[in-house]
Amino acid sequence: MADSTTPARASWSGKLAFVLAAAASAVGLGSMWRFPYLAAKYGGGTFLFVYLVFVFTIGLALLLLETALGRKTGQSSIGAFKAFGKKYSFIGVLMSAVPFIIVPYYCVIGGWVTKYMVGYAVEGPAALADGGDFFSAFISSGSESMAFMLVFMALTYLVVALGVNKGIERANLVMMPLLIVMAAAVAIYALTLPGAMDGLAFYLLPDLSALSPELIIAALGQTFFTLSLAMGIMVTYGSYLKKSTKLTSSVTQIAGTTFGVSLLAGLMIIPATFAALGSGEAVAENSGPSLMFIILPQVFENMGGMATVLGFVFFVLVLFAALTSSISLVETCTSIIADGTKCTRRRALVIVIAFITVMGIIVNMGYSSLSFIQPMGEGSSILDFLDFISNSVMMPIAALLTCIFVGWIIGPKVVIDEVRESAKFKLAGVWTVMVKYIAPVVLVVILVAYVAQTLGLFSM
């Protein structure tokens with residue numbers, strides 16, 4: 001309970017607000033960008049099916065765990081673990097470090113998306129579809145790329161500054177429905193293109209011959225990435241929940257929305273690029289930044305009179321997706337600082353803004369004046385290093401420690417009792433097995449695979 005010197009903790013206005021906010025956090029560049037090229041790379045429908053299974057098993061189990069932990073303690077990740085003993089706070093510290101590492105480089109990419117949205121409106125599709133020169137010139141420009149990054153940051157900071165109810169809830173109430181409607185509209189149009197049906201069949205029909213250890217590991221990693229697990233976000237968002245909110249149905253709806261938007265993103269990108277490039281393999285070969293910022297502008301350019309409209313609408317919805325995730329990351333950082341230092345939310349946000357902006361400038365300069373810093377070998381950037389450390393190392397370790405903590409130290413009953421405060425939990429036994437046995441093994445496999453891949457011992 002808050003004392004006289006501690007401001008009352010914010011809370012969601014209702015279940016819908018929480019589900020939208022959590023789904024909006026999960027639906028970011030991971031769904032709109034990373035998912036389509038992974039699906040193209042790993043057999044289309046086969047990857048889609050495996051990803052679906054993982055989202056509604058291990059993903060759902062860990063989503064419920066983190067949300068319940070946040071609601072039970074009423075704290076962000078450091079405080080949530082510390083509530084069971086100071087010696088466990090290091091797990092929360094590790095988890096809390098993840099959003100502070102991710103959000104600066106996320107805002108750099110958000111600046112790229114903002115530039116392309118403006119580019120379609122001002123410069124036209126031909127200027128952007130030049131085989132990559134436009135993109136290379138922009139990210140290495142220094143001042144221009146910095147300016148667009150700061151615009152993206154300012155939009156994020158503004159929403160967070162308005163608070164949980166007036167800022168985050170209202171923004172998600174507008175952006176999430178618009179994102180889904182626009183994504184559906186672009187997907188429907190993409191399916192009318194010549195050759196798109198072949199791409200649709202590739203994307204939706206599983207091919208068991210494509211099943212491989214690499215596919216399974218990639219699908220597992222994508223599940224963690226898209227559901228915002230092990231970043232402290234769901235613990236923080238759970239801490240804003242009222243005890244009356246049903247956790248089981250809420251997390252199921254979050255997982256369903258996240259999968260649905262990932263499915264839509266694939267429907268937008270894979271059939272259109274499949275038709276333009278001729279195969280899923282060709283789409284996969286252009287994975288990463290080149291798919292969104294080089295290949296897709298060329299695909300749009302081939303659509304004639306619709307190129308400007310489609311390109312603009314596409315980057316508007318990618319901007320919405322990026323903003324909803326960056327908002328959740330900044331909110332999580334703010335909550336961590338406020339809970340840890342007992343300072344006001346406003347002061348915590350100022351500290352977070354200063355840190356993220358400075359770090360974002362450094363990451364952005366990694367493509368211009370600091371391009372000589374190549375921490376992961378020739379051709380790598382500061383952004384690549386931060387992405388690897390956060391997503392491939394820290395997140396699997398944080399999730400593993402969380403499973404061990406709940407499954408073997410405090411016991412699953414603590415979380416089960418919290419869930420049953422507001423809903424029946426008929427699958428508590430299955431959930432317990434998932435958290436104690438299955439999830440830890442899976443997380444160790446993911447961690448080893450990612451590190452081995454980086455060291456060149458394993459190819460994915």
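Compared with the rule-of-thumb size 2.2 N^0.38 Å for a compact globular protein, the range 147-216 has a Cα radius of gyration ratio of 1.75.
Which percent of the accessible area of the range 50-99 is formed by carbon and sulfur heavy atoms (probe 1.4 angstrom)?
Working: 1040 of 1560 Å².
Carbon and sulfur together cover 67 percent of it.
Cross-link partners for Lys82 among the aspartates and glutamates, with Cα-Cα distance under 13 Å and sequence neighbours closer than 8 places in the same chain left out: Asp339. Can you tell me the orientation of helix 170-190 relative to the chain, as the angle in degrees between its alpha-carbon axis and the longest Cα principal axis, to the nearest 10? Its long axis makes an angle of about 30 degrees. Annotation: Cα Rg of the range 253-302 relative to the compact-globule expectation 2.2 N^0.38 Å equals 1.25.
Packing around the peptides 364-375, 143-154, taken as the average count of other Cβ atoms within 10 Å per residue, puts them in this order, highest first: 143-154, 364-375.
Give, as a single signed number, the net charge of other residues whose beta carbon lies under 14 Å from the beta carbon of Gly238, with Lys and Arg counted +1 and Asp and Glu -1. Spell out each step's value before the answer.
Values: positive: Arg9, Lys15, Arg71, Lys72, Lys242, Lys243, Lys246; negative: Glu66, Glu331, Asp339, Glu418, Glu421.
Here the count lands on +2.
Just the Kirkwood number for the range 1-133, please: inverse of mean 1/r across all distinct Cα pairs, in Å, one decimal.
On the way: mean 1/r = 0.0532 Å⁻¹.
Roughly 18.8 Å, rounded to one decimal.
Label zone (Ile409, point 7 Å along Cα-to-C-beta; backbone nitrogen cut-off 18 Å) within the range 219-255: 230-233, 235-236. Computed over every Cα-Cα pair of the range 55-113 and binned at 5 Å starting from 0, the pair-distance distribution P(r) comes out as 4, 17, 17, 19, 17, 14, 8, 2, 1 percent. Values of log10 I(q)/I(0) for the range 267-335 across q = 0.26 Å⁻¹ run -1.15, by the Debye formula with one identical scatterer at each alpha carbon and no solvent.
With all protein chains present and a 1.4 Å probe, how do Arg71, Arg346 order by accessible area, largest first? Intermediate values should be presented prior to the final figure.
Working: Arg71 10, Arg346 195 Å².
Output order, biggest surface exposure first: Arg346, Arg71.
Relative contact order of the range 301-460, taken over Cα pairs closer than 8 Å and 6 or more residues apart, is 14 percent. Taken per residue, the accessible surface of the chain reaches 38 Å², heavy atoms only and a 1.4 Å probe. Exceedance of the 20 Å cut-off in Cα-Cα distance is limited, within the set Lys72/Lys424; Lys41/Lys436; Lys15/Lys166, to Lys41/Lys436. Report the percentage of all Cα-Cα pairs in the range 197-337 whose separation exceeds 19 Å, rounded to a whole percent. Roughly 64 percent, once rounded to a whole number.
Peptides 329-337, 190-198, 349-357, ordered by how many other C-beta atoms sit within 10 Å of their residues on average, highest first, read 329-337, 349-357, 190-198.
Here the alpha carbons of the range 327-427 define both size measures, Rg and Dmax, at 19.3, 57 Å.
Electrostatic bookkeeping for Gln253 treats Lys and Arg as +1 and Asp and Glu as -1; over the other residues with beta carbon under 11 Å from its beta carbon, the sum is +2.
Per-residue packing, averaged as other Cβ atoms within 10 Å, sorts the ranges 171-183, 413-425 into the order 171-183, 413-425, beginning with the highest. Using only the C-alpha atoms, the convex hull of the chain corresponds to 133 Å³ per residue.
The values are calculated or read from the model by the stated rules, or taken from the named source; none is laboratory data. Quick caveat, the model's predicted, so the values are computed rather than measured. Note that each Cβ is placed from the backbone with ideal geometry, even for glycine, and that neighbours are counted across all protein chains shown. The accessibility values were calculated without ligands, DNA or RNA, using every heavy atom of the protein model including side chains. Shrake-Rupley method; radii C 1.70, N 1.55, O 1.52, S 1.80 Å.
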